[in-house]
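Asker: Quick one: the structure is below, questions incoming.
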Amino acid sequence: MLRLALLFGVAAFCLLTAAPPDPRMLASIDALAFNHTHQLEEQAGDGFYCPMDPDVRAGRPGKCVRCGMQLVEGAPDILEFPLDLRIDPAVPRVIEPTRLTFAITDPRTQQPVRRFEVMHEKLYHVFVVSQDLQFFQHVHPERESDAESFHLDVRFPKAGMYRVLSDFYPGGGSPQLITNTLIVPGANVQLTPAKIVADIGPQKSDNAEVKMSIVNDRVVARRTATLMFDVGPKQGLERYLGTWGHMLTASSDLVDIVHRHPVATPGNDGSKMQFDMLFSRPGVYRVWLQFQRLGVVNTVAFNVPVMEK
């Protein structure tokens, strides 16, 4: 088994406030990269792989059984595409619209990327998460007329730090997962981890209820954990952006952020979803699950405790 680690840099956008955060804290946080690791099985004849889930391999063309993406022939070409995030206004204000513009450069030609592969029905996915983990968005920027960038308007509900996670697939490259940091200034802004306590009890959403269970009853850092989700009522469940569910996990300090899709859906109707996760450190992690029922996109959140051993 060949283990490939995808290491994506973190770009910090730190804005001055009346009481600015300690620069050493910002440097420490943004020096940490977000790991997106896949394990590839070396199997004779498995010449096709999924660009989103490279451990899914096949001996013939087709679609990924996990996420539905078209399989690609050959071996993954892991190359990071630089992302330039521009903010307008340069100093965001609480509640007022802030335009985020995303521009991608091809590292081989140093030219803007104009061709993107459709990934889960969209060209570009963005997750925005607040420092206190109370604000969560999974949105899709609009493409500019010059086809060289995408833009997204966001209203930040309060002052503080935000993580902006870009998920895209540049033509001729491989799927990218890149995180930027920005600060919305305000009084007494501090870079402190969110204070959350373990909570894996049933959660209600717009028109559904989700129960979560942990196989083997506990999650241990650096060991693969299996999380099961039971969605009800199951009538009317629909695929959302090409798959039955999307899961985003974040550590309480927003250092570790991972986007996953179900590895299995027993019953094949979306009412049960299995996610396999590797949490890198002990602590409590916020886990968001998104799915669609009767045309409504539902979002629920759980706080999963991760033990050292």
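The values are calculated or read from the model by the stated rules, or taken from the named source; none is laboratory data. Predicted model only: the values in this text are computed from it and were never measured. All Cβ positions, even for glycine, are placed from backbone atoms using ideal geometry, and neighbour counts span all protein chains on display.
Asker: Of the residues ALA225, ALA250, ALA221, ALA301, which single one is closer than 20 Å to ASP55 by Cα and in contact (Cβ under 8 Å) with a residue 40 or more places away in the chain?
Answerer: Of the residues listed, the single one that is closer than 20 Å to ASP55 by Cα and in contact (Cβ under 8 Å) with a residue 40 or more places away in the chain is ALA225.
Asker: If you don't mind, there's one more thing I want to ask. Answer yes or no: is there a residue in segment 221-244 that is surrounded by fewer than 18 Cβ atoms within 10 Å (Cβ to Cβ), in the same structural domain as MET273 (by TED's automatic domain parsing), at positive phi and not in a strand (DSSP E or B). Give the steps one after another, and end with the answer.
Answerer: Of segment 221-244, the ones surrounded by fewer than 18 Cβ atoms within 10 Å (Cβ to Cβ) are 221-224, 226, 228, 230, 232-236, 238-239.
Checking which are in the same structural domain as MET273 (by TED's automatic domain parsing) leaves us with 221-224, 226, 228, 230, 232-236, 238-239.
Keeping just the survivors that are at positive phi gives 222, 236.
Right, trim to not in a strand (DSSP E or B) and you get 222, 236.
Yes - at least one qualifying residue is present in segment 221-244.
Asker: Which numbered condition trips up ARG99, out of (1) in contact (Cβ under 8 Å) with a residue 24 or more places away in the chain; (2) in a loop (DSSP other than H, G, I, E, B); (3) surrounded by fewer than 16 Cβ atoms within 10 Å (Cβ to Cβ)?
Answerer: (2)
For every residue, the table says whether it meets (1) small (Gly, Ala, Ser); (2) at pLDDT 95 or above; (3) assigned to a loop (DSSP other than H, G, I, E, B).
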position	(1), (2), (3)
MET161	no, yes, no
GLY173	yes, no, yes
VAL197	no, yes, yes
SER213	yes, yes, no
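Asker: So ARG281 clears everything in (1) surrounded by 19 or more Cβ atoms within 10 Å (Cβ to Cβ); (2) closer than 20 Å to LYS195 by Cβ except one condition, right? Which one?
Answerer: If we test ARG281 against (1) surrounded by 19 or more Cβ atoms within 10 Å (Cβ to Cβ); (2) closer than 20 Å to LYS195 by Cβ, just (1) comes out false.
Asker: Does MET52 satisfy the condition of being at pLDDT below 75, loosely packed, with under 15 Cβ neighbours inside 10 Å, not in a strand (DSSP E or B) and not assigned by TED's automatic domain parsing to the domain that holds ARG239?
Answerer: no
Asker: Need the failing condition index for SER213 against (1) among the hydroxyl-bearing types (Ser, Thr, Tyr); (2) assigned by TED's automatic domain parsing to the domain that holds LEU278; (3) touching a Leu at 6+ places or on another chain (Cβ under 6 Å), just the number.
Answerer: SER213 satisfies every listed condition except (3).
Asker: So, one more: Output the residues belonging to segment 245-277 that are crowded, with 17+ Cβ neighbours inside 10 Å and hydrophobic (A, V, I, L, M, F, W, C).
Answerer: MET247, LEU248, ALA250, LEU254, VAL255, ILE257, VAL258, VAL263, MET273, PHE275, MET277
Asker: Where the second residue is acidic (Asp, Glu) and part of a strand (DSSP E or B) and the first is in the same structural domain as PHE302 (by TED's automatic domain parsing) and lies in segment 260-286, which pairs have Cβ atoms under 6 Å and are six or more apart or on separate chains?
Answerer: From residues that are in the same structural domain as PHE302 (by TED's automatic domain parsing), the pairs are VAL263/ASP276; LYS272/ASP230.
Asker: Which one is nearest to PHE168 (Cα to Cα), of the residues in segment 109-143 that are charged (D, E, K, R) and outside any loop (DSSP other than H, G, I, E, B)?
Answerer: Selected residue: LYS122.
Asker: Restricting attention to segment 131-151, which residues are surrounded by 20 or more Cβ atoms within 10 Å (Cβ to Cβ) and closer than 30 Å to ALA187 by Cβ?
Answerer: Hits for segment 131-151 are GLN131, LEU133, HIS138.
Asker: Answer yes or no: is there a residue in segment 133-142 that is at pLDDT 95 or above and more than 30 Å from PHE291 (Cβ to Cβ). I'd like the intermediate steps shown before the answer.
Answerer: Going through segment 133-142, the residues at pLDDT 95 or above turn out to be 133-142.
Those left that are additionally more than 30 Å from PHE291 (Cβ to Cβ): none.
There is no residue in segment 133-142 that is at pLDDT 95 or above and more than 30 Å from PHE291 (Cβ to Cβ).
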